[in-house]
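The values are calculated or read from the model by the stated rules, or taken from the named source; none is laboratory data. Predicted model only: the values in this text are computed from it and were never measured. Cβ coordinates were reconstructed from backbone atoms using ideal geometry, including for glycine residues, and neighbour counts include every protein chain displayed. Just so you know, the surface numbers come from the protein's heavy atoms only, side chains and all, with ligands and any DNA or RNA stripped out. Shrake-Rupley method; radii C 1.70, N 1.55, O 1.52, S 1.80 Å.
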Amino acid sequence: MPSAVASARRGLLTMAVAAAVSCATKMPPRPAGSATASPDAVATFDQATAHCAGLRTLTMELGLSGKAGDESLRGKVITGLQRGGAARLEGVAPFGAPVFILAARNEQATLLLPREHRVLTSNSVSAVIEHLTGLPLSADDLLLSLSACVGAGEASDGRQWSGEWRAVSAPGGRTVFLRQVSGAWTVAGVDGGGWRADYSQVLNGFPRQVRLRSADGTVDLIASVQQLEVNTSIEAAAFDVAIPAGTAPMTLDELRSVAPLRTP
């Protein structure tokens, strides 16, 4: 009989979806050549991120596909994010209990594996997400990256390339790229912080497809955003998770052995 660890490993790797898919191998574009100073890039960025003004919460259903190391990944995650480091992520199974539930406040996460009766507590969201996916994303990183709002209201150092490319610097050593689509400037991608994001299918400023990659290229995920709601109220209880009696604690290192999404 398969061990609980092996069972959880398969569940987290496939997010409870039997068929795995390969990720597109074509890398998203970036501007080529040397940049020059752009006097209007920051203003252009502010206009392109006008949808970010007052952003407090996002709720959505994420359809994930791609790779982490040599492993394929596909599945569905019900997601609720609130500015200030609050998050709830549920890995949906075809039936029965979720594959996992991550609940967080102030960037401190609890991860429950209901099917394995294991729980991880008192770790940062970034550390847990990195162990699950290979991407060091905090709860606020998720909020801003999935909404194409990284650096909104905080941009500096505008520059441009020949052709239809602009870029600005954002806090945390990140670079945000802008590109014209159908005559309008939109946020095309973000580099920095150990991960990269690229955006497509933008509607009212919000991307409906986000490609997330690790800086070293070993993790490459596509998130299809569905049922997006912005600034809806999320009940405070959503950012907590009830731990059933008999649930055994686990460590962050044990989580890596349960769900080694990144190959050694």
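Within region 97-114, residues that are over 14 Å from Val77 (Cα atoms) reach partners that are open to solvent by 10 Å² or more (accessible area, probe 1.4 Å) and polar (S, T, N, Q) with beta carbons closer than 7 Å, at six or more positions or on different chains, in the pairs Glu107/Ser124; Glu107/Ser138; Gln108/Ser122; Gln108/Ser124; Ala109/Asn123; Ala109/Ser124; Thr110/Thr121. Hey, among the residues in region 165-219 that are of a type in the set (Phe, Trp, Tyr) and within 24 Å of Leu64 (Cα to Cα), which one's least open to solvent (accessible area, probe 1.4 Å)? That would be Trp195.
Residue by residue, here is whether (1) within 14 Å of the chain's Cα centre (by Cα); (2) modelled with pLDDT of 95 or more; (3) over 24 Å from Thr110 (Cβ atoms) holds:
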position	(1), (2), (3)
Gly183	no, no, yes
Gly189	yes, yes, yes
Tyr199	yes, yes, yes
Arg208	yes, yes, yes
Leu221	yes, no, no
Glu235	no, yes, no
Pro249	no, yes, no
Asp253	no, no, no
Thr263	no, no, yes
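Hey, among the residues in region 38-58 that are among the polar types (S, T, N, Q) and open to solvent by less than 30 Å² (accessible area, probe 1.4 Å), which one's farthest from the chain's Cα centre (by Cα)? That would be Ser38.
Looking at region 171-264, the strands (runs of 3 or more DSSP E) lying wholly inside it that each contain 1 or more residues that are free of Cβ contacts under 8 Å to residues at least 60 places away in the same chain and touching a strand residue (DSSP E or B) at 6+ places or on another chain (Cβ under 9 Å) sit at 174-181, 184-192, 195-203, 206-214.
If you filter region 10-37 down to residues that are under 18 Å from Arg196 (Cβ atoms) and at pLDDT below 50, you find that the one that is most open to solvent (accessible area, probe 1.4 Å) is Ala24. Within region 135-150, is even one residue open to solvent by 30 Å² or more (accessible area, probe 1.4 Å) and part of a helix (DSSP H, G or I)? Checked against the condition, which is being open to solvent by 30 Å² or more (accessible area, probe 1.4 Å) and part of a helix (DSSP H, G or I), region 135-150 yields at least one hit.
The number of residues in region 59-86 that are of a type in the set (D, E, K, R) and open to solvent by less than 20 Å² (accessible area, probe 1.4 Å) comes to 0.
Residues of region 90-123 that are within 13 Å of Ala242 (Cα to Cα), crowded, with 18+ Cβ neighbours inside 10 Å and either modelled with pLDDT under 95 or out of contact with any helix residue (DSSP H, G or I) (no Cβ under 7 Å at 6 or more places or on another chain) (or both): Phe100, Ile101, Thr110, Leu112, Leu113, Pro114, Arg118, Val119.
Filter region 151-164 down to residues that are part of a strand (DSSP E or B) and either modelled with pLDDT under 95 or open to solvent by 30 Å² or more (accessible area, probe 1.4 Å) (or both), then give me how many there are. Looking only at that region, the number is 5. Within region 140-147, at least one residue is closer than 30 Å to Gln47 by Cα, touching a His at 6+ places or on another chain (Cβ under 8 Å) and polar (S, T, N, Q).
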